[in-house]
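Values in this text are rule-based calculations from the coordinates and carry no lab data. The structure displayed is predicted, hence computed values, not measured ones. Glycine gets a Cβ as well: all are built from the backbone with ideal geometry, and neighbour counts include every protein chain shown.
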Amino acid sequence: MLGATAFFFSSLALIPLADAIAIGFVGPFIVVALERPILGERATADIWIACAVGFVSALIIIRPGFADRHWAYLLPLGAALSGSLYGILTRRLGSAERPTTSLFYMALVGAGASSLVVPFFWQTPDAQGWLILGGIGLWAAGTHLILIQAYRLAPASVIAPLHYLDIVWGSVLGLVVFGDFPDTLTWIGIAVIVASGLYVFHRQAAGRRQG
């Protein structure tokens, strides 16, 4: 997770945000591809289709330009690979470790490693800054705890296509916080991603009933 964060934020200084997000969304394909050799689980054809539909829909929403061939385009790809391995390894540890244990060590290692660069960039926040940082930390901890629990309960390939809902929530927050009303293509992309996510939920529920 530390690698995914470092790769992605480093790319933003060198390539457009839309391009970085678009490349990062190959992550679900990586999860599905690595699921069987690492976890021994096989994704069904409909999961592959859901990944493809979600990826195309995300491209419709963010419409990346890919104007040049800068080497930094490899950075979001590294972020996607790192994030995918995080999900797969979390799934593997899920049967042996409690979610709180996984979260504790992830936070400990991440904080320790990232603190090594703090002396080079540190700027002391004001009171409001500390509150914002604390809120981000609590929100992130809760989010990761939920994600770890999700990987314990469901195959990684089932969770992977649902990551495309990130762009949906991004569009909704853009509307609520910044007043950026989505255009027609964005609404189409959102509708398709939501439909794809609901389909994954339906197939997973149907599989459990059959099992």
Inset, instruction - Go through the stretch 50-140 and name the trypsin sites (Lys or Arg not before Pro) that are in a DSSP coil and have 13 or fewer other Cβ atoms within 10 Å of their Cβ. - result: 69
Legend entry - Among 169, 139, 130, residue whose mean-square fluctuation peaks in a GNM of the chain (springs only between Cα atoms under 10 Å): 130
Legend entry - Gained length - residue 46 relative to residue 33, 0.36 nm times residue gap less alpha-carbon distance: 3.3 nm
Inset, instruction - Work out which helices of the chain, taken as complete DSSP H runs, extend at least 24 Å along their axis over the Cα atoms and score a mean Kyte-Doolittle of 1.6 or more, then list them. - result: 45-62
Legend entry - MRE, 222 nm, helices only [DSSP H, n ≥ 4, -39500 (n - 2.57), over the chain, to nearest 500]: -25000 deg cm²/dmol
Inset, instruction - Would you look at the GNM of the chain, springs on alpha carbons closer than 10 Å, and say which of 16, 37, 76 moves the most? - result: 37
Inset, instruction - Calculate, for residue 138 and residue 14, the FRET efficiency according to 1/(1 + (r/R0)^6) with r their C-beta to C-beta distance and R0 35 Å; round to the nearest 0.05. - result: 0.70
Inset, instruction - Using only the Cα atoms of the stretch 1-116, each taken as one equal point scatterer with no solvent, compute I(q) by the Debye sum, divide by I(0), and report log10 of the ratio at q = 0.11, 0.17, 0.20, 0.23 Å⁻¹. - result: -0.44, -0.95, -1.14, -1.24
Inset, instruction - For the chain, set up a Gaussian network in which alpha carbons nearer than 10 Å are linked by springs, and say which option among 113, 191, 18 fluctuates the most. - result: 113
Legend entry - Ratio of the Cα radius of gyration of the chain to 2.2 N^0.38 Å, where N counts its residues: 1.08
